[in-house]
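The structure under discussion appears below in the form of C-alpha cells.
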Amino acid sequence: MMNLFKSLLLHIIFFLSSSSSSSINNTGSTAIQFRNISEIPQNSHGIAGYSHITLAGSFAHGMKEVEVWLETFAPGSHTPIHRHSCEEVFIILKGTATLFLASNSHPSHFPGNPHQIPVFQNSTFIVPVNHPHQLWNTHEHEDLQFLAIISRPPVKVFIYDDWFMPHTEAKLKFPIFWDEGFVQPNTSKDHHDHNDDL
Ligand code: ZN
C-alpha cells in the first residue's frame, strides 16, 4: 500500500513539474520578439524630411503599456504642436533641436508662448501628460534622431495650428499615421478622447 501511495505521489509530482516547465517554455517562446532595426520598415508618411520606425508598437507588436519609436527629422523639419494623454520620454541619439514646451497649460485655455529649451545628443527629457509640445530640428546640416517612448498606447494626438489655439479646438489625429493600417478611422470615436477632458 505504501509503495502504491509513493508511486502515485511521484506521478503527481512528475505531472506538476512537467506541466509547469512546459508553460515556462511556452511563455519564453512568445515573450521575446527579436528584430534587427535595419530590417524594420520605415515610413515618411508623406512628410518631407521625416522618417518613422515603430520599434515596439501596440498594433504592430501587441504592446500593452508602452510604445517605442525611432524618429528622424531632417534639418528644419519638426513635429506638429501637439499634446496627448500619455507620458512621453525622449532620448536624443543624434543632432540638436529646440523643444518648445507650453509654459503653463492650466488654467489658461490655450498653450500660449512656449518655453524654448535646447536639446542635444545624449540628452533626455520627459513630457508630462497632456502638456503641449513640439520638437524642431534647428541644426542647419545634421539630422535629428531620437527615441520616443510613450505610455498607454495606441497614442491619440491632439494637434494645434499655433500656440494660441484653444485646447478645445486642437484636432484629434487618431489613428496616428503609422497606426492607420491597423485601425479604421470611423471606429476611433471615444468619449475619453474628447477635448472636453481639459
Ligand atoms: Zn509628443
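Give me the one-decimal nm value for the distance between modelled label points at SER51 and SER123, 7 Å along each residue's Cα-to-Cβ direction.
For SER51 paired with SER123, the spin-label model returns 2.3 nm.
Compute the Cα gyration tensor for segment 54-170, then decide on rounded, prolate or oblate, letting a ≥ b ≥ c be the square roots of its eigenvalues: rounded whenever a/c is under 1.5, prolate when a/b is larger than b/c in the other cases, and oblate in all that remain. Walk me through the intermediate numbers first.
Working: a/c = 1.91, a/b = 1.08, b/c = 1.77.
It comes out oblate by the Cα gyration axes.
Quick one: grab the alpha carbon gyration tensor of segment 38-88, order the square roots of its eigenvalues as a ≥ b ≥ c, and give me rounded if a/c is under 1.5, else prolate or oblate depending on whether a/b is larger than b/c.
Values: a/c = 2.57, a/b = 1.27, b/c = 2.03.
In terms of gyration-tensor shape, oblate.
Can you tally the net charge around PHE146? Count Lys and Arg as +1, Asp and Glu as -1, for every other residue whose Cβ sits under 12 Å from the Cβ of PHE146.
Numbers: positive: LYS94; negative: GLU71, GLU88, ASP143.
My count for the surroundings of PHE146 gives -2.
Can you work out the FRET efficiency for the pair GLU39 and LEU147, with r the C-beta to C-beta distance and R0 = 22 Å, to the nearest 0.05?
On the way: r = 18 Å, r/R0 = 0.80.
Taking R0 as 22 Å, the efficiency between GLU39 and LEU147 is 0.80.
Each reported figure results from applying straightforward, stated rules to the coordinates on display, with no laboratory input. Because the structure is a prediction, the values reported are computed rather than measured. For neighbour counting, all protein chains shown are included, and Cβ atoms are generated from backbone atoms with ideal geometry for every residue, glycine included.
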